[in-house]
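Inspection log for the structure reproduced underneath, given as structure tokens.
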Amino acid sequence: MQPNSRHFQANAESALREPNLQSALKQLESGFVAGRQRCYDALPEFEALRDRAKEVLDHTLDNLDAYLLEYEARVLESGGLVHWAGTPEEAREIVIRICRDAEAKNVIRGKSMIGEEIGINDALEASGFEVTETDLGEYILQLGKEPPSHIVAPAIHKTKDEISDLFLEHHRDLGFTKRQTERSALVNEARQVLREKFLAADVGMTGANFLIAETGSNVIVTNEGNGDLSSTLPRVQIVTAAIDKVVPTLEDASLLLRLLGRSATGQEITAYTTFTTGPRRERDADGPGEYHVVLIDNHRSEMLGSELRPMLRCIRCGACMNHCPVYGRVGGHAYGWVYPGPMGSVLTPLMVGLDEAGHLPNACTLNGRCETVCPVKIPLPNLLRSLRSRQHLQRQNSSLARIALSLWSWVALRPRLYQLLTRPAMTLLARLGASSGGFRNMPFASGWTRVRDLPAPQGSTFQARWQQQQRDRK
Amino acid sequence: MVSTENIHSADSPHVGLFVTCLVDLYRPSVGFAAVKLLEQAGCRVTVPRAQTCCGQPAFNSGDDRHARQLALQVLDAFEEFDYVVGPSASCLGTIRCHYPEMFADDAALLPRIEALSAKSHELVSFLVDVLGVETVEAGFDHCVTYHDSCSALRELGIKSQPRKLLASVSGLELNELQGTDICCGFGGTFCVKYPEISGRMAADKVNAAEASGADTLLAGDLGCLLNLAGKMRREGKPTRVYHIAEVLANMADCKSIGEGDD
Ligand code: SF4
């Protein structure tokens with residue numbers, strides 16, 4: 001997917017004027033946010049679990065090399081293969097090579113963000129494979145040729161009406177000539193179409209919510225069961241996963257699973273939680289003949305060695321975006337790449353470059369609601385601030401803002417000068433605004449007055465009045 | 001240091017008032033209200049002259065060098081007091097939570113910075129949590145709603161304290177705001193860099209204030225208040241806007257924020 005983050009400003013403004021999107025986003029508070037809160041209130045040890053999860057993941061990241069090697073060894077023992085990819089290109093090449101070697105034609109995918117990150121669908125299609133997304137949301141987006149706008153609910157921006165139209169358009173040739181408008185009828189239609197795809201697939205691709213070092217297993221959670229079918233029916237299974245998905249033990253995975261569903265969708269546990277380990281064994285009734293894992297770095301080892309390391313704890317629950325007031329107004333597409341919201345505003349600049357994604361760390365009020373709900377306690381506002389520091393050091397922020405702020409700091413570091421300048425300025429501003437109480441337009445403050453008035457100040461400064469009062473008292 | 005003092009008694013806590021730049025420039029009455037509340041609670045209040053900005057705008061813009069310089073200016077001006085108190089959770093949150101981060105690598109300065117942070121408090125929480133103030137002597141015959149600023153709520157854990165003191169204001173009725181844990185869209189430079197998003201957030205807050213049925217909106221941070229008062233005016237809403245300190249100090253007889261003569 002080509003990043004489009006440099007147009008965040010314009011993307012956001014058009015999103016604000018999109019009525020369907022706005023009504024879809026309104027559901028976040030009553031749906032995911034309220035759901036998480038219910039789970040939080042019902043689980044007294046929620047905070048303790050967050051602390052424990054942070055500890056486990058920090059320990060894992062401190063020893064990531066060892067756990068990855070342990071994981072690889074267990075996968076090999078179970079008869080699978082592990083491929084290491086430094087970049088998205090390498091990952092795509094590996095996946096395509098596996099598909100070619102298997103003489104595959106049809107590839108089905110269970111929803112995975114890493115698949116979006118490495119752009120696997122386009123690459124597979126360009127190489128002549130037929131790719132089908134099997135997660136309902138992703139399937140809808142595939143029909144509409146759109147990227148996901150949320151990491152957990154990828155089609156959250158789509159209305160039921162739009163989906164009815166898409167299905168009619170794409171399923172007519174398959175014999176579904178009636179435009180369905182009921183939720184259940186739409187789901188049923190998708191199920192029938194997808195069932196055929198599952199049966200015809202040669203390769204099943206999934207991501208991984210966690211990789212378990214002690215067993216060489218991968219864990220995926222879904223609410224539709226499509227992940228299970230994608231990993232058990234086709235003769236070849238490919239797991240694509242980032243290197244930060246590994247956790248030491250099954251016990252650790254179950255700790256994180258307790259937090260994941262609750263934080264993501266307000267579910268105590270997702271409908272399907274599937275552990276797969278290696279290819280089919282002789283005594284197994286089903287399962288793939290080949291089992292491949294592609295482990296992808298894509299800048300993560302750089303993050304590991306920087307102040308942004310805590311970001312690698314992310315378990316992709318989406319709570320930060322569900323609770324983000326900016327995401328809640330502009331939706332995921334405005335961010336212009338795979339990962340939106342607070343976590344995306346940290347990850348995107350690291351993966352596509354701070355020059356392309358320079359808006360993202362700044363398009364945040366640092367209100368901190370994301371940090372308070374992050375199940376693994378990632379200090380998202382601080383990480384965004386770190387990226388702002390990088391921009392400042394690399395002089396990547398807008399020069400006007402830079403100059404204005406430097407000037408402010410320069411004056412603020414000289415209290416006498418500051419008081420000398422501010423007192424007449426505020427007195428003048430107060431006089432100009434006294435009768436109306438505020439200004440509709442203000443030169444040099446058009447960013448402010450574009451959407452709100454600038455209230456007039458009271459008059460002279462506090463310091464000036466206070467000092468006068470003290471003199472009068474003597 | 002040039003400073004001015006209102007002497008209470010030698011053993012009453014000596015508070016350095018961190019006025020905050022927005023109060024200094026925009027709404028001096030909040031500063032006077034803060035002094036009154038602190039003195040009523042038995043503090044000796046000094047307003048150091050060598051104070052301007054806490055450095056938050058620089059810090060949040062990634063300009064760490066200026067942020068540290070401004071932090072050191074605050075340290076020099078306020079180190080001598082028993083407490084540093086100011087009418088803003090945003091600025092005091094910066095001093096309390098972020099100054100130590102700024103000097104995390106500076107072994108020489110860190111202990112002094114940490115000592116400063118530990119004795120720095122937002123005004124209302126200082127009155128309630130540190131001084132044990134339970135009631136204020138004030139009257140305000142209005143139905144109000146209260147906006148929690150994000151720094152108050154999440155950096156400093158301030159939620160019950162303002163409500164506790166407001167409950168003692170005679171004539172005042174409090175209607176809670178829906179979605180009170182959601183940001184109003186101010187966000188420092190955010191509000192001018194992304195005006196459309198900020199404006200939508202402010203509009204939602206203004207609508208929630210109206211829906212609460214209150215005729216007055218209170219908050220403890222002037223950044224939020226200027227944003228919301230400015231949006232109220234732009235949308236033609238009648239809701240009046242005051243800093244909570246003005247009401248608690250019984251000094252809300254002045255014009256509300258953004259109110260004109262006519
Ligand atoms: S940053 Fe935290 S809240 Fe956001 S998706 Fe990752 S784990 Fe979830």
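The values are calculated or read from the model by the stated rules, or taken from the named source; none is laboratory data. The shown structure was predicted, so the numbers you read here are calculated from the model rather than taken from an experiment. Ideal geometry is used to build each Cβ from the backbone, glycine not excepted, and the neighbour counts take in all protein chains shown. Protein only, heavy atoms only, side chains kept; ligands, DNA and RNA dropped before computing areas. Shrake-Rupley method; radii C 1.70, N 1.55, O 1.52, S 1.80 Å.
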### Query
If you go through region A:130-181, how many residues are without any contact (Cβ under 8 Å) to a residue 60 or more places away in the chain and within 16 Å of the ligand (Cβ to nearest atom)?
1
### Message
Would you confirm, using the coordinates I've provided, whether residue A:407 is among the hydrophobic types (A, V, I, L, M, F, W, C), open to solvent by 30 Å² or more (accessible area, probe 1.4 Å), under 30 Å from residue A:462 (Cβ atoms) and within 12 Å of chain B (Cβ to nearest Cβ)?
### Response
yes
### Query
Just checking, how many residues over region B:105-120 are of a type in the set (Asp, Glu) and in a loop (DSSP other than H, G, I, E, B)?
2
### Task
Within region B:233-262, track down each residue that is in contact (Cβ under 8 Å) with a residue 12 or more places away in the chain, closer than 16 Å to residue A:440 by Cβ and more than 7 Å from chain A (Cβ to nearest Cβ).
B:235, B:237
### Message
List pairs: first residue in region A:442-465 and under 15 Å from residue A:430 (Cα atoms) and within 7 Å of another protein chain (Cβ to nearest Cβ), second residue of a type in the set (Val, Ile, Thr) and part of a loop (DSSP other than H, G, I, E, B) anywhere in the structure, Cβ distance under 6 angstrom, at least six positions apart or on different chains.
### Response
A:455/B:257; A:462/B:19
### Task
Can you tell me which residue among B:212, B:160, B:256, B:151 is over 29 Å from residue B:55 (Cα atoms) and of a type in the set (Gly, Ala, Ser)?
B:212
### Summary
Taking region A:317-331 and keeping residues away from the ligand (no atom under 12 Å from the Cβ) and either surrounded by fewer than 24 Cβ atoms within 10 Å (Cβ to Cβ) or part of a helix (DSSP H, G or I) (or both) leaves A:328, A:329, A:330
### Query
Can you name the condition, by its number, that residue A:334 falls short on among (1) within 16 Å of the ligand (Cβ to nearest atom); (2) open to solvent by less than 10 Å² (accessible area, probe 1.4 Å); (3) assigned to a helix (DSSP H, G or I)?
(1)
### Query
Which residue pairs have Cβ atoms under 9 Å apart, sit 6 or more places apart or on different chains, and have a first residue in region A:290-309 that is under 16 Å from residue A:71 (Cβ atoms) and assigned by TED's automatic domain parsing to the domain that holds residue A:276 and a second that is open to solvent by 40 Å² or more (accessible area, probe 1.4 Å) and β-branched (Val, Ile, Thr)?
A:291/A:277; A:296/A:87; A:297/A:87
### Query
In region B:51-104, which residues are facing chain A (nearest Cβ under 8 Å) and either under 16 Å from the mean Cα position of the chain (by Cα) or not in a helix (DSSP H, G or I) (or both)?
B:51, B:52, B:53, B:55, B:57, B:61, B:62, B:63
## Note on the structure
Picked from region A:299-314 (must be open to solvent by 10 Å² or more (accessible area, probe 1.4 Å) and in a loop (DSSP other than H, G, I, E, B)), the residue nearest to the ligand (Cβ to nearest atom) is A:314
### Query
Out of all the residues in region A:373-397, which are more than 8 Å from chain B (Cβ to nearest Cβ) and more than 15 Å from the ligand (Cβ to nearest atom)?
A:394, A:395, A:396
## Note on the structure
Given (1) closer than 19 Å to residue B:94 by Cβ; (2) facing another protein chain (nearest Cβ under 9 Å), residue B:198 misses just (1)
### Message
Between A:50, A:74, A:92, which is under 21 Å from residue A:244 (Cβ atoms) and without any contact (Cβ under 8 Å) to a residue 40 or more places away in the chain?
### Response
A:92
### Query
Is at least one residue of region A:220-240 in the same structural domain as residue A:36 (by TED's automatic domain parsing), under 22 Å from residue A:115 (Cα atoms) and touching a Lys or Arg at 6+ places or on another chain (Cβ under 6 Å)?
no
### Summary
Over region B:90-130, the set of residues open to solvent by less than 10 Å² (accessible area, probe 1.4 Å) and free of Cβ contacts under 8 Å to residues at least 24 places away in the same chain is B:117
### Task
Kindly indicate the residue of region A:242-268 that is of a type in the set (A, V, I, L, M) and touching a helix residue (DSSP H, G or I) at 6+ places or on another chain (Cβ under 9 Å) and also farthest from residue A:214 (Cα to Cα) among those meeting that condition.
A:264
### Query
Does region A:343-364 include one or more residues that are more than 16 Å from the ligand (Cβ to nearest atom), within 12 Å of the chain's Cα centre (by Cα) and away from chain B (no Cβ under 12 Å)?
no
### Summary
residue A:396 vs (1) touching a helix residue (DSSP H, G or I) at 6+ places or on another chain (Cβ under 9 Å); (2) closer than 30 Å to residue B:33 by Cβ; (3) open to solvent by 30 Å² or more (accessible area, probe 1.4 Å): all pass except (2)
### Message
Could you tell me how many of the residues in region B:9-42 are out of contact with any Leu (no Cβ under 8 Å at 6 or more places or on another chain) and not in a loop (DSSP other than H, G, I, E, B)?
### Response
11
## Note on the structure
Contact list, first residue from region B:15-43 and within 12 Å of another protein chain (Cβ to nearest Cβ) and under 14 Å from residue B:226 (Cα atoms), second anywhere and open to solvent by less than 10 Å² (accessible area, probe 1.4 Å) and acidic (Asp, Glu), beta-carbon distance below 8 Å, six or more apart or interchain, is B:30/B:246
### Task
Restricting attention to helices (runs of 4 or more DSSP H) lying wholly within region A:84-152, give those where 2 or more residues are surrounded by fewer than 20 Cβ atoms within 10 Å (Cβ to Cβ).
A:88-101, A:120-126, A:136-144
### Query
In this structure, does residue B:230 turn out to be out of contact with any Phe, Trp or Tyr (no Cβ under 6 Å at 6 or more places or on another chain) and more than 12 Å from chain A (Cβ to nearest Cβ)?
no
